[in-house]
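The values are calculated or read from the model by the stated rules, or taken from the named source; none is laboratory data. This one's a predicted model, so the numbers in the text were calculated from it and none came from an experiment. Using ideal geometry, Cβ is built from the backbone for each residue, glycine included, and neighbour counts are taken over all protein chains shown. The accessibility values were calculated without ligands, DNA or RNA, using every heavy atom of the protein model including side chains. Shrake-Rupley method; radii C 1.70, N 1.55, O 1.52, S 1.80 Å.
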Amino acid sequence: MAEKILVLGACGQVGTELVENLQKIYGAANVIASDIRKSESAVFQNGNFEILNVLDKAQIANSFGKHKPTIVYHLAALLSATAEENPKFGWELNMDGTFNIFDACLEYGVKRIFWPSSIAVFGPTTPAVLTPQSTILEPNTIYGITKLAGERYCEYYNARYGLDVRSIRYPGLIGWKSLPGGGTTDYAVDIFHQALKTGTYTSFLNDSTTLPMMHMEDAVRATLEVTNAPSDKIKLRSSYNIAGTSFNPEELATAIRKHIPNFTLEYAIDSRQNIADSWPDSIDDSVARKDWGWNEKYQLEKLVANMLENIQSTNAFKG
Ligand code: AKB
């Protein structure tokens, strides 16, 4: 039977690139992208798109009943900075949305579901360097708290109801095809657009804030690989650590200067610094490597060259 793919929260940073890849793999007719509103991106103009709010159970039942998806990617969530501005809604969307979608997956016999976690599950008491897979999890942001609760919920639904759920802990994601919205790691995308447009960028994180980051191409590949791996390879039903590269704003600026020698970086620190300070510097992803063969392709220099080249050639920085 051909797979039918439903992507919830499809218009976000990950969804936009994931849907493009899914359309190539499964054929546009077999991919249904959904979100609370349709974005301008070309990806959504040709394929199937429908309005779906993950807090609306009637809309969910209608969509699952109509499309009978076999694989679901549930990406709808508030990210760290936005959730901090409205913690109650952050909790509601990230938790109730997940409850609703997991229940629909059980009710409509979905074969596999992908649910994204984040490095935000870690907190100030977690070892910050090469953070292990199993470690202290005491997040102090509402986003991190929902991601940790969500991970426990994934494991519980798998053990109790047999839901075949797969998950990875995304680091900061950096891509040229889509813009981030409301995260603490967003600076590492904005900086490329501003470097090309104006030759200068003002960072809201300080120069020495090292965070785990990943090129979007690696992140989408990890998402597809973990979702499509044979079930017996997925030994963790909470969420896997995955790593790409790690850097701070000053190191990123130095790498950008190899292409744009006059690039200048300034600083205007805001409340996102507190969130970043609670997250690790780098991640130990040896368990994902062992279980399902995870391997990143982008380190800092390659990531920077790829971002600048693609943003420039698509003129995306002019917008
Ligand atoms: C954020 O900054 O909130 C996200 C994340 C690391 O999950 N990019």
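Values as computed for the structure displayed
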item: Cα convex hull volume per residue for the range 132-204 (Å³); result: 134
item: Sparse-neighbour loop sites [trypsin sites (Lys or Arg not before Pro); the range 213-296; at most 14 other C-beta within 10 Å; DSSP]; result: K235, K258
item: Rh (Kirkwood; distinct C-alpha pairs) - the range 1-108, Å; result: 14.0
item: Antiparallel DSSP beta bridges within the chain, as percent of all bridges there, nearest 5; result: 10
item: The chain - mean residue ellipticity at 222 nm from DSSP helices (-39,500 (n - 2.57) per run, n ≥ 4, rounded to 500); result: -12000 deg cm²/dmol
item: Net charge of Cβ neighbours under 14 Å - reference A42; Lys, Arg +1; Asp, Glu -1; result: 0
item: DSSP-defined beta bridges in the range 157-270 - what % are antiparallel, rounded to 5; result: 25
item: Degrees separating the helix 57-67 axis from the principal Cα axis of the chain, which is the longest one; result: 80
item: Candidates per GluC sites (Glu not before Pro) in the range 1-99, loop by DSSP, up to 13 other Cβ within 10 Å; result: E40
item: Degrees separating the helix 300-313 axis from the principal Cα axis of the chain, which is the longest one; result: 90
item: Surface share of carbon and sulfur [accessible, 1.4 angstrom probe, percent] for the range 121-161; result: 58
item: Radius ratio Rg over Rh of the range 72-212, counting only Cα atoms, Kirkwood formula for Rh; result: 1.01
item: Calculated SAXS-style log₁₀ I(q)/I(0) at q = 0.06, 0.07 Å⁻¹ - the chain, Debye, Cα scatterers; result: -0.19, -0.26
item: Cα-based helix-to-principal-axis angle, 13-26 vs the chain, degrees rounded to 10; result: 50
item: Area accessible to solvent at T210, 1.4 Å probe radius, in Å²; result: 40
item: Neighbour net charge for S167 - beta-carbon separation under 13 angstrom, K R +1, D E -1; result: +2
item: Cβ-Cβ FRET estimate between A28 and K68, R0 fixed at 22 Å, reported to 0.05; result: 0.80
item: Pairs from K4/K66; K258/K302; K66/K111; K4/K24; K235/K297 whose Cα-Cα separation, in the structure shown, is over 18 Å; result: K235/K297
item: Accessible area of the range 1-151 divided out per residue, in Å², using a probe of 1.4 angstrom; result: 42
item: Radius 15 Å from Cβ of L137, net charge of other residues (Lys, Arg +1; Asp, Glu -1); result: -1
item: Amide H contacts under 5 Å for F247, placed H, 5+ residues apart; result: L211, M213
